Amino acid sequence: MTSALHFPALHRTHPRGWINDPNGIMRVDGRWHVYFQYNPHSARHERIHWGHMSSADLAHWRPEPLGPVPRDGEADADGCWSGVGLLDRRMDPAGVPTLVYSGVDGQGDNAFSRVLVARADRALEQLVDPGRVVAEVPPIPGLIGVRDPFVFEFEGRRWAIQGAGVRGESGVTPVILLFSCDDLEQWEYVGELLRGDDPVAAEHAPAELWECPQLVRVGQQWVLMLSLWYRPEEVARSTVQVNYLLGELEADGRGCPRFHARSGGRVDEGPDFYAPQAVVDAERDRVLLWGWSWEALSRTQAQTDAQGWAGCLTFPRVLSVEGDRLVTGFPPELTALRGAPLLIDQAGGGRSRMELSGPYRAEFQVEGPVTVDLLSADGTLTELLAHDGGGASLMIDGGILELLPASGTGRTMRFYPSEGDRVLVRGALIGGWELGSQGASV
């Protein structure tokens, strides 16, 4: 395991290589399996495989065999990109572990991916049926890109969506493409779920292409999460923001679902959160969400090459809707990471404080305003995060901060401490714990 102070040891089970989008999340026979975009060979975003880890409790994870990997001469020769996992009960009532993903062959523009389906054994240790193409790129005039399939159910049928962008007379408009896929081996393009020129979508999720669309029912509300993407010539690095739309799904005259947006906002206000994946946890009647937290803009490629790794997934989060706002919270299973209680300096007047030395792994519960600063060895104080008030949970793991307010929008950010630096947490702290694996079984 790497000794870097900023290494998020509770977030990463793979100490080397590049990690981005969470993919293929499913629960099989009592274990959570989470795949993710992964380059095991370097800390660079190229020739992506599907990395894989699993857990019995959402807190302690172990590495697992890879999922789909690039295959020379096949539709995924230049990368196995984002997608989902599910138990396909059409083939077997017990469910066949199935991975649905974007594949690019490197022969043309990689903005246009095809959909592949692969089947795994029950333990998800190997693919018993490697990926085959089930959906080609739809022949849509002006299409600038299509990717990231997501599968859902509506009114007793199975559907899939992909993110896309279409060039028209007034510019490029993001679009969610809709497919019928009761049989995952037979996809049919049936039109659009939503367009970016919808007034509510245009206000709350402006982009040229919507990446990694996630459509889930949270309580009585449908939530559509969209990662906002622009062509590099328009925005140099646009993969920094994920927004959501709340609304309704209604069947049109052909029985196809259409999304009617009512309101929206940001899924996470931090600078280091993108491409989340949502999954319905039917056993606990909840929806879980993981995001990708990349290396911050302050980090150079030379630095990530030297450390040999880049990126991590966030801790899992539970989604809820309060009025017109999407709220995220840590699942109760993460309390298994708690170690010894922290001896917080109770200064009174809502100004408690705690200093953390490396490797900076702690949880705090707060009930009001809180600031998190990096106190350098030379005495320089740099603000990392400020929370204005209200109840919240704060998790620190090496160089990643995740703050989730009880009734607000979360924030995720990365930071890079040096030897001798301390993390200073001050404000309305009501409890804190050291965080670690605590020797629990995985």
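Computed 3J(HN,Hα) for segment 168-183, one whole-Hz value per residue from the Karplus formula 6.51 cos²θ - 1.76 cosθ + 1.60 where θ = phi - 60°, is x, 5, 9, x, 9, 10, x, 9, 9, 7, 10, 10, 8, 8, 3, 9, glycine and proline marked x. Annotation: amide H-H contacts under 5 Å for G431 (H modelled 1.01 Å from N, sequence separation of 5 or more, or interchain): Q365. Taking label positions 7 Å along the Cα-Cβ direction at both E234 and A123, the computed distance is 4.8 nm, reported to one decimal.
Placing unit charges on the Cβ atoms of the charged side chains and taking the dipole of the chain about its Cα centre, the candidate lying farthest along the positive direction among S102, I344, Q301 is I344. In this structure, the amide hydrogen of R90, modeled 1.01 Å from its nitrogen in the peptide plane, lies closer than 5 angstrom to no residue at least 5 positions away or on a different chain.
Think of the chain as having a plus end and a minus end, set by charges on the Cβ of Lys, Arg, Asp and Glu; of S263, I176, L127, L127 sits farthest toward the positive end of this dipole.
With charges set only on the Cβ (+1 for Lys and Arg, -1 for Asp and Glu), what does the dipole of segment 139-210 come to about its Cα centre, in debye to the nearest 20?
On the way: 5 positive and 13 negative charges, 37 e Å.
That gives a dipole near 180 debye.
Whole-Hz Karplus values for segment 247-261 come out as x, 10, 9, 9, 7, 7, x, 9, x, 7, x, 10, 9, 10, 6 Hz, taken residue by residue from phi with 6.51 cos²θ - 1.76 cosθ + 1.60 and θ = phi - 60°; glycine and proline positions read x.
3J(HN,Hα) couplings calculated from phi for segment 84-96 with the Karplus curve 6.51 cos²θ - 1.76 cosθ + 1.60 (θ = phi - 60°) are, in sequence order, 10, x, 7, 8, 7, 8, 5, 7, 7, x, 6, x, 9 Hz; Gly and Pro show x. Report, in whole Å, the centroid distance computed from the Cα atoms of segment 56-86 and segment 251-280. Each part's Cα centre sits 24 Å from the other's. Summary of the geometry: segment 157-179 and segment 10-42, compared by the centres of their Cα atoms, lie 27 Å apart.
The magnitude of the dipole of the chain, with charges of +1 and -1 set on the Cβ of Lys/Arg and Asp/Glu and taken from the Cα centre, is near 600 debye. Annotation: amide H-H contacts under 5 Å for D268 (H modelled 1.01 Å from N, sequence separation of 5 or more, or interchain): V242.
Hey, got a sec? Which GluC sites (Glu not before Pro) in segment 127-183 land in a DSSP loop and have at most 14 other Cβ atoms within 10 Å?
Numbers: sites: E136, E153, E155, E169; in loops: E136, E155, E169.
Loop-located and lightly packed - E136, E155, E169.
Solvent-accessible area assigned to carbon and sulfur over the chain amounts to 48 percent, based on a 1.4 Å probe. With all protein chains kept in place, the per residue accessible area of the chain amounts to 39 square angstrom at a probe of 1.4 angstrom. The packing ranking of peptides 326-332, 270-276, highest mean first, is 270-276, 326-332, where packing means the average number of other beta carbon atoms within 10 angstrom of each residue.
Starting from the Cα gyration tensor of the chain, multiply each eigenvalue by 5, take the square root, and state the resulting semi-axes largest first in whole Å.
On the way: eigenvalues 254, 114, 94 Å².
After diagonalising the Cα gyration tensor, the semi-axes are 36, 24, 22 Å.
If only the Cβ of Lys and Arg carry +1 and only the Cβ of Asp and Glu carry -1, the dipole of segment 266-312 around its Cα centre is close to 40 debye.
Per-residue ellipticity at 222 nm from helix content only, as computed over the chain with -39500 (n - 2.57) for each DSSP H run of at least four residues, stands at -500 deg cm²/dmol. Simple rule: put +1 on each Lys or Arg Cβ and -1 on each Asp or Glu Cβ in the chain, find the dipole, and look at G391, L224, M354; the Cα lying farthest toward the positive end is M354. When each of the peptides 220-229, 305-314 is scored by how many other beta carbons lie within 10 Å of its residues on average, the order from highest to lowest is 220-229, 305-314.
The values are calculated or read from the model by the stated rules, or taken from the named source; none is laboratory data. From a predicted model like this one, the values you see are computed outputs, not experimental measurements. Positions of Cβ are generated from backbone atoms using ideal geometry, with glycine treated the same way; all protein chains shown enter the neighbour counts. Only protein heavy atoms, including side chains, enter the accessible area calculation; ligands, DNA and RNA are left aside. Shrake-Rupley method; radii C 1.70, N 1.55, O 1.52, S 1.80 Å.
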